[in-house]
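Worksheet: the structure to be examined is printed underneath.
The values are calculated or read from the model by the stated rules, or taken from the named source; none is laboratory data. Nothing here was measured: the structure is a model prediction, and the numbers come from that model. Methodologically, a virtual Cβ is constructed for each residue, glycine included, from the backbone with ideal geometry; neighbour enumeration extends over all protein chains shown. To get the accessible areas, we keep the full protein, side chains included, count just its heavy atoms, and leave off ligands, DNA and RNA. Shrake-Rupley method; radii C 1.70, N 1.55, O 1.52, S 1.80 Å.
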Amino acid sequence: MRKITSLAPGRTCLFGDHQDYLGLPVIACAIDRNIKLTAKQNDINSFVLNMIDINDVRIIDIHAAFEILEPRDYFASSLRVLRRYGCIPTAGYNITITGDIPINSGTSSSSALLMAWIRFLITAFGIDHEVTPEFISKLGYESEVLEHGEPGGMMDHFSIGAGNIVYINTKDPFSYKIIGTELKGLITGVSGVPKETIGVIGELKGNALMAIDIVKQNFPKFDLNASEIQDLDRYRNCLPDRLIPFFEAAIKNYHYTKEAQKEFEKSVLDLKKIGFWMNEHHAVLRDLLKITVPRIDNMINAALRAGAYGAKIVGSGGGGSIVVIADPKNEDLVIKAILDAGAEEAYAVSVDPGVRILENIEI
C-alpha cells in the first residue's frame, strides 16, 4: 500500500493578463499558497476524493472513461488526457484535499488542484513520457483548456508547473524561461468579490481577435508580436470605435510586459520600476478592458497611498485579487491599508518552486 502527497502552489500574474490567449508573453510566478493532495491506496478500485475545504466527497471509478465531460470537470478531463499518454490507473486511493488558496479569487485554486492531481496520478501509475515541468504544465493546459474547449491560455499551468518567476512566450513555437526565484515585497490582496472567468475571458478574447483580424485585413503585413506602442495611431483608424480599446489594450500590455522583462533580467531588481510598469498595466485593465470592480479599485488605491510601488488586478477580472509590489520594510503598513479598504484577506507571499511530490512511501 502506498501513500503519496503532492503539493501545487497558486500563482499570481505580474504582467500579461489577457495576453496569453493572443499569443503574447506573460510574466507570472508561483506563490506559497498551496493545494495539498494526500492519497492512501485502498482496495476498492475507486478514487475517494474528500475535498475538506468545500465539504464535498466525490467517488470516481478508476476505470471510468468519461466519454462525455461535464463542464469544468477537470478530474475527469485529466484522467482522459493522461490515459492517452499511457497513465492508466490500476488501484484506488482515498484522497484528502486541503488548501489555503482562496477559492475563486484569481490566484488559480482550480488549476493548482488540477496540477496536484496530475502530479499524483503520474507518480502513482507512471506515464509514457519523460516527466519534466514543461510536460506536466502541458498536461494541465490540455486537461483544463483544450479538453473542455475553454477560452483560457497557458499561464496558470506553466506558472504552477515550472514554479518560480517565469517569462512565458505563448506564441508558437511556445517557450518559457525562469527569470527569477525571489521577489521581495510581494503582497496578495483578496477582494472577496467572486470573479467570473469563462464569460469575461470569452468576451474579451473574441473582441481582441476581431480587432486584430480587421487590422490584418487592412495591413496584411501586421504582426502582433512585432508591434510597437508607437504604431497604435497607424492602426487605430481602421477599427470601429467599439473595438479600439481591445486592440489598444493588447498593444499597450505587450509593451509593458516587455519593459518589465528588462527589469527582471537585471542582476538587482528595481522594485520601483517594476511597480511603475505594474501601475501602467493596471490602468489598461481598468480603463480599456474594464475588468475591475469598486472594491478592487479601492484596495489598489489604498495600497498606493500607503506607499506601495505598484498594484494591479490579477487574472480574468470582475473580482478576485490584486498583486502589490512594496518596499519589504513597508509590507505591514500596506497590508493594513488593503484590509482597511475592504479586502477579505491580505498577506505577504513568497515565490514558490512549483508543483512537486512531498511524499511517496510504502505503508
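Things worth noting here:
- Å² per residue, accessible surface of the range 156-195 at 1.4 Å: 35
- Pairs from 171/195; 195/258; 177/258; 195/290 whose Cα-Cα separation, in the structure shown, is over 22 Å: 171/195; 195/258
- Accessible area of the chain belonging to carbon and sulfur atoms, whole % at 1.4 Å probe: 49
- All Cα pairs of the range 1-133, percent lying beyond 18 Å: 58
- Rough spin-label spacing in nm, given labels placed 7 Å along Cα→Cβ, for residue 362 and residue 179: 4.7
- Coordinate range along principal axes, alpha carbons of the range 198-317, Å, largest first: 46, 35, 24
- Choice from 166, 81, 268 showing the highest fluctuation, given a GNM over the chain with Cα pairs closer than 10 Å: 268
- Packing-based ranking, highest mean first, of 203-211, 236-244, 3-11 given that Cβ atoms within 10 Å are counted: 3-11, 203-211, 236-244
- For the chain, the relative contact order comes to 26 percent (Cα pairs under 8 Å, sequence separation of at least 6).
- For the chain, the membrane-span-like helix rule (DSSP H, alpha carbon extent of at least 18 Å along the helix axis, mean Kyte-Doolittle at least -1.0) picks out 109-125, 197-218, 244-264, 271-287; this says nothing about an actual membrane.
- Leading residue at positive end of dipole, the chain (Cβ point charges), from 124, 333, 141: 333
- Which of 60, 358, 4, positive extreme of dipole for the chain (C-beta unit charges): 358
- From the coordinates shown, Rg/Rh (Cα atoms, Kirkwood Rh) corresponds to which of (i) 1.02; (ii) 0.95; (iii) 0.99: (iii)
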